[in-house]
Amino acid sequence: MSRRSRIALKTGVWAVGLWPLGFLLWRAWAGSLTANPISFVTNTLGDWTLRLLLASLGMTPLRILFGWSWPVSLRRLLGLFAFACAALHFSVWVVLDHFFDWGTMGADIVKRPYITVGMLALTLLVPLAITSTAGMVRRLGARAWRRLHALVYAIGVLAALHYLWLAKKGVQDPYWYAMVLVLLLGVRLWDRARRLAGRRRRPPLVAPALVVEPPRGSRSRL
Ligand code: HEM
């Protein structure tokens, strides 16, 4: 892919990543944050956190299915925007919903399963965001880094559960998001199984170890 196309793609991701904030600022400026602004802001940020998280999770399946390499270069940026959106979503809950009332927030985390899993998803996103730099990949080693970043699948599941648990009866959206997640995880699992099966079928690369040279001077009995 050309340098120009790469820059265009990254610019697109920046535009999408900054969209929720720009949208909310514009609605606030226009005075159209609906009759329940806190709920509107919380839900908009929650929706975008989930979309960006799924977009980030979708980059590897695109490479698997179509052999494109460019999606993988966008994964980190999408993941960081998902984290930023989740942090804002959480901040609205802390500041506007509860106004730093740690007692009721603690009780909510324990009593409401959708808050518990949301909190868990956000907490697990923190080490991924911190270790997203090239320097951290080097410091941790590629293998440990990959293992740590496999947490993103668990985060996806927790985020989908968060939405499924909080949605009112009859609301379809959380099921659509959950279906997309299942599809993305399915592609990854299928790819893994395919590669494992390929490795088992392939003959070993090493030469047979038991080709023993007869000692010098000895005559072969064959
Ligand atoms: C990765 C983490 C998270 C994701 C992906 C996420 C996603 C979502 C989504 C999609 C919604 C529903 C939006 C809608 O109805 O249109 C939502 C709502 C909400 N989330 Fe989260 N969330 C996350 C973390 C959290 C955390 C950490 C908290 C608080 C501790 C939280 C509190 C809430 C609340 C209070 C609502 C509104 C519920 C209502 O309308 O009654 N979320 N979130």
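Here are a few things to note about the model shown:
- P(r) of the chain over all Cα-Cα pairs, binned every 5 Å from zero, in whole percent: 1, 6, 11, 14, 16, 14, 11, 7, 5, 3, 2, 2, 2, 2, 1, 1, 1, 1, 0, 0
- The residue 72 and residue 43 beta-carbon pair, evaluated with R₀ = 45 Å, returns a calculated FRET efficiency of approximately 0.90.
- Across region 72-77, rounded Karplus estimates of 3J(HN,Hα) from the backbone phi angles (6.51 cos²θ - 1.76 cosθ + 1.60, θ = phi - 60°) give 5, 6, 9, 4, 5, 5 Hz, Gly and Pro being marked x.
- Each residue of region 157-166 was assigned a 3J(HN,Hα) from its phi angle through the Karplus expression (A = 6.51, B = -1.76, C = 1.60, θ = phi - 60°), giving 5, 4, 5, 5, 5, 3, 6, 4, 6, 8 Hz with x at Gly and Pro.
- To the nearest ten degrees, helix 113-130 and the longest principal axis of the Cα atoms of the chain are 60 degrees apart.
- Lysines with Cα under 19 Å of residue 111, excluding same-chain neighbours fewer than 8 positions away: 168
- Burial ordering of 102, 190, fewest other beta-carbon atoms within 10 Å first: 102, 190
- Leading residue at positive end of dipole, region 1-93 (Cβ point charges), from 69, 28, 91: 69
- Computed [θ] at 222 nm, deg cm²/dmol, the chain (DSSP H ≥ 4; -39,500 (n - 2.57); rounded to nearest 500): -26000 deg cm²/dmol
- Cβ-to-Cβ counts within 10 Å put 2, 39 in ascending order as 2, 39, the fewest first.
- The chain, relative contact order in percent, only Cα pairs under 8 angstrom and at least six apart counted: 18 percent
- Efficiency of FRET between residue 146 and residue 102 - r from beta-carbon atoms, R0 30 angstrom, step 0.05: 0.25
- Principal-axis tilt of helix 37-66 within the chain, Cα atoms, nearest 10 degrees: 20 degrees
FYI, it's all coordinate maths here, none of it is from the lab. Here the structure is a predicted model, which means the values were calculated and not measured. Here the Cβ is made from the backbone with ideal geometry for all residues, glycine too, and neighbour counts use every protein chain on show.
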